[in-house]
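Report on the following structure.
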Amino acid sequence: MKVKSLCTWVVVGMLSFSVTCSAGAESLQGGDLINPNMSKSDNAILSKIINSLDPEDRENVTYIDQTGKVFVNKESLRKEVIPLEPVSQVTYKDTKSSLPSVSQDTYKRSESSSLSVTQNTYKDSMGQIYTFPVLQPKPDCMVGNHPTSTPMDFSTNSASFPVCRDLRNGVYRGVYSHIGFAWAMTRIHLPSKKEIYENPSKYTGSTGFVYMGGWSNTNNAVDAGLQHSPKYNDWAPFLLIEGNGGPLTFTPRFEGDQDIQMKFYVPSDGVVALVISGNDISGTKVTKTYAEAASGWTATGNGNLIKRMTNMAQIQNHEDYRDGSYIKNVAWYGSFIGSSSGDNIPWRGSQTYGFCSSPRNKVFIDFVHAGTETIDIILE
C-alpha cells in the first residue's frame, strides 16, 4: 500500500489514525508576498522552499538558511525560534569515585584539571542548559554508499560493531534505513509523566529524546525531532545539523502522553524538513514545519540514509548508565519510507539496513517489525 498524501487513513494492527489536510497552505502568487514583513527577495526564497514542501505542510513554515537567517511565512513564528550556543567549558572537581549530584555548572576535581565540554552541551539566552545527543558519524560500512559488511541481524537487540558506537553520551536505540530514501513518516507515542524520569544531576544532564534524521550523500549528519523537558514535562521540537553551528529549538512545545506524527524528508536538494503534528501544551492541534539548509542531502534519495532514534542523552564523557533515569513506552508505529509523499511504502525489514541498541543491556524492546516497536531505556 502506498501513501499518496497525508489525507489518508492508515491502519496498523488495532491502531488507526487520520490526518486532516491543513487549510491555508501558502505559496507566492504573482506579486503577492507570503510575509509582508520580509523583503521581496526573502519572500522569493521562502516561496521556493514552501512550494517544494508537501502541500499539507505549508501552513506554519520556518526556514533557516546556512547562515542562520530565519524566514517565516507568518511573522508570529519568528519568536518561536530559540537559538542555542555551545557551552564552551565546564570545570569540575570530584574527590570521590562516585558521580556527585550538584546544582551548579562548575565542578572541581581533585587534580584541579579542567574538561572542555563543547560537543553536546548548549545554553539559551536565559542561561538554561540543554544536553543533546552527539551527532554520530555515518556508519563505517555505509560510507561511500556501498555497504562493505554484513547488514545487522533484524532481531530485537542485535548489533553490529560498525554502527553501534558508544559515544559516552547516553543510551540510544536506532533503526537505520538502507541508502536511497528521501522521505519518512511515523507515529510516536510520547511517554506520560510517570513513564519518564531524568536524574536532575547537572553532572550527567540526562535528557530524553525521540527523533529522526540520518546522513546525507556527503555524510553530513542531521538530528531532528523532539526533546523532553524534565522541568515542564513537555516536548520541544529541535534541529541539529552538522556544519550549521549549534542546534535550534522551537516553541510551542508538545504535551506528553499523546500520539504525534513526525515526518522527516528532503523537499529539495540541500534542504531537510521536520514536520510535527500533535497537541501543543495548550491542547490545540497544530502542525509545524521546520526546514533548514543541510549540505549534501538529495531530494532523489541518492546517498541519503534515514534513521529513527530513541535516546536518553547525557553530557559527553560524563555518562552514568546507572543514574536511575528512564524513558518507557516510546511506541513507534505507522512508519512509511520512500522517495516522496506520493511514492512510499510501509517501513519494513527490506527497507532497513539494521538496528542498534547501545549499551544493549540498557535497552528493552517490544519488537513487531522494523516499522513498529516499543522502547524502554532504563539506567539502573
First measure r as the distance between the Cβ atoms of ARG168 and SER76, then evaluate 1/(1 + (r/R0)^6) with R0 = 51 Å and state the FRET efficiency to the nearest 0.05.
0.80
Long-range HN-HN contacts of ALA331 with modeled amide H, under 5 Å
HIS189, ILE375
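ASP269 to LYS48: extension gain in nm, 0.36 nm per residue of separation minus the Cα-Cα distance?
Values: separation 221, 0.36 × 221 = 79.56 nm, distance 1.18 nm.
Extra length available between ASP269 and LYS48 comes to 78.4 nm.
At 0.36 nm per residue, and after removing the present C-alpha to C-alpha distance, how many nm does the segment from THR300 to LYS194 gain when stretched out fully? Before the final figure, lay out each step's value.
Working: separation 106, 0.36 × 106 = 38.16 nm, distance 4.17 nm.
My answer for the length gained is 34.0 nm.
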In whole Hz and in residue order, list the ³J(HN,Hα) couplings for the stretch 336-350 that follow from phi through the Karplus curve 6.51 cos²θ - 1.76 cosθ + 1.60, θ = phi - 60°; x for Gly and Pro.
10, 8, x, 8, 6, 5, x, 9, 8, 9, x, 6, 10, x, 6
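A 25 angstrom limit on the alpha carbon distance is what I want to check against. Which of LYS123/LYS263; LYS40/LYS74; LYS285/LYS362; LYS307/LYS328; LYS231/LYS285; LYS79/LYS123 exceed it? Mind dumping the intermediate values first?
On the way: LYS123/LYS263 27 Å; LYS40/LYS74 15 Å; LYS285/LYS362 34 Å; LYS307/LYS328 20 Å; LYS231/LYS285 23 Å; LYS79/LYS123 17 Å.
The pairs that break the limit, which is 25 Å between Cα atoms, are LYS123/LYS263; LYS285/LYS362.
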The local net charge around LYS328, scoring Lys/Arg +1 and Asp/Glu -1 for residues other than LYS328 whose Cβ lies under 15 Å from its Cβ, equals -3
For the stretch 210-327, evaluate the Debye formula with one uniform point scatterer on each Cα (no solvent term) and list log10 I(q)/I(0) at q = 0.13, 0.15, 0.19 Å⁻¹, rounded to two decimals.
-0.55, -0.71, -1.04
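With the cut-off at 1.5 for a/c, could you classify the stretch 166-278 from its C-alpha gyration tensor as rounded, prolate or oblate? Walk me through the intermediate numbers first.
Working: a/c = 1.83, a/b = 1.43, b/c = 1.28.
Prolate, since a/c reaches 1.5 and a/b exceeds b/c.
Checking the a/c ratio against 1.5 first, then a/b against b/c, what shape does the Cα gyration tensor give for the stretch 265-380? Write down the numbers at each step before the final one.
Details: a/c = 1.62, a/b = 1.47, b/c = 1.10.
Prolate, because a/c is 1.5 or more and a/b exceeds b/c.
Want the number for VAL286 to ASN329: 0.36 nm per residue separation, take away the alpha-carbon distance, what's left?
13.2 nm
Bear in mind these aren't lab numbers, they're just calculated from the coordinates by the rules spelled out. Computed from a prediction, not measured in an experiment: that's the story for all the values here. When we count neighbours, we look across all protein chains shown, and the Cβ atoms used for this are built from the backbone with ideal geometry, even at glycine.
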